[in-house]
Amino acid sequence: MLKTSASSVIPSQYLKNYFASLKSHHHHHCCQRRLLRTTTTTTTTTTTHTKPLTSSFLPQRHKKSWITTLLLVSSITTAIIYQNQQQQSNMSSTLVPSNPEDVMVIRDITPNVVTFSVPFLRFGCIPIGGRGTVVKLSSGSIAVFSPVALTASAKAKIASLGNDVRYLVATDIEHHIFLSEWKTAYPNAKLIGPEGLQEKRAKVTDDPRIGHEEFAVVFTKENKLTLKVDKDFDRDFEYEYVDGHANKELVFHYKPDRVLIEADLMFNLPAIEQYSKVPEKEKPKPGFLGNFMMGLQSTQGDAKGMKRFMWYVASKDRASFNESVKRIDAWGFDNIVPCHGETIVGGGKEVFEKVFEWHLTGKK
Ligand SMILES: [Fe+2]
């Protein structure tokens, strides 16, 4: 969610592949149409000229090309917007709410999991929300995922949980802006993140929020299957580094409460809770494009827009992405805490399997 670097995390090679995949998709439809046309020509030459035949054929052809065009346009729009978001403003101050204490919603999701939900706008107009997750481990220590602003209320909540913050997790290459603030407040905490993040932060020299702290645990494509965090952490969590995702997602399963914690792997818009403390007249109006974008990040109905987004845009290395999704699906979670949109309490596995159906079963 939170951008601090102008460098794109979607390599141009990836976008090239993406557009190539669209082209072959489109080509496939063209072939079908050509095939249909040939069939019709044969039919029309062997029968006497009939109006109904022509008119019943044309609308279907138009319908097909219309659907293809729509799919193409929506996919390209998404890709462009997704890439643009990687080149957003450098300064974290333009990305986070200026009054977090007034608008943050602190909520106990399960006995040991608390969420800090805040408003967050993408492109200055699309309300996708932000969310940090706090987990009290069986050992009594605390892990914080995708930390958001450390407000007085957030601090008080941490104190009520025993104050022993041991782990601060950047859940992907983007959700790291508040790490320094938390590390300063809880110096015993280890920083955990995906490969490339420390280097990305090191390049930022003009943002007072972004420090250059060392990461204690770094997930890489090579070490992801064998990397351990710590004894007490590993007792409670399963985790997967989704290196095939454009944003380098880290996904965690807190086994005692069956909670899946993720950042950009799966949105669940609209962001209702995250805007619940924002006065009605100050709530953003997303407009046509915003609503269109939000529709692509909804898990409702058949979630077709989301499936396309995951398949064509988010999965940069699809084979690896699919492997990751399968490993996550094998976990026994029932609840999902995303960073953007609504938290799912109960029935989370079903939603996950619907949204990632193509990755789990292999889209044809
Ligand atoms: Fe995000």
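No value in this document is a laboratory result; all are computed from the given coordinates. These numbers come from a predicted model, not from an experiment. Methodologically, a virtual Cβ is constructed for each residue, glycine included, from the backbone with ideal geometry; neighbour enumeration extends over all protein chains shown.
Key figures
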{"quantity": "Loop sites in the stretch 329-364: chymotrypsin sites (Phe, Trp or Tyr not before Pro), DSSP, at most 12 other Cβ within 10 Å", "calculated": "none"}
{"quantity": "Inter-label distance for Asp102 and Thr184, nm, one decimal - labels placed 7 Å from Cα along Cα-to-Cβ", "calculated": "2.3"}
{"quantity": "Length added when fully stretched, Thr110-Asp232, from 0.36 nm per residue minus Cα-Cα", "calculated": "42.0 nm"}
{"quantity": "Rounded FRET efficiency, nearest 0.05, which uses the C-beta distance separating Ser276 from Ala152 and R0 of 30 Å", "calculated": "0.95"}
{"quantity": "Average Cα contact separation per residue, the stretch 89-213, under 8 Å, 6 or more apart, as relative contact order %", "calculated": "17"}
{"quantity": "Entries of Lys203/Lys326; Lys183/Lys277; Lys157/Lys349 with Cα pairs more than 32 Å apart", "calculated": "Lys203/Lys326"}
{"quantity": "Violating pairs (Cα-Cα greater than 32 angstrom) within the set Lys136/Lys200; Lys224/Lys285; Lys221/Lys304", "calculated": "Lys224/Lys285"}
{"quantity": "Packing rank of 243-251, 161-169, 104-112, where each peptide gets the mean count of other beta carbons within 10 Å, highest leading", "calculated": "243-251, 161-169, 104-112"}
{"quantity": "Cα gyration tensor shape of the stretch 92-361, rounded if a/c is under 1.5, else prolate or oblate by comparing a/b with b/c", "calculated": "rounded"}
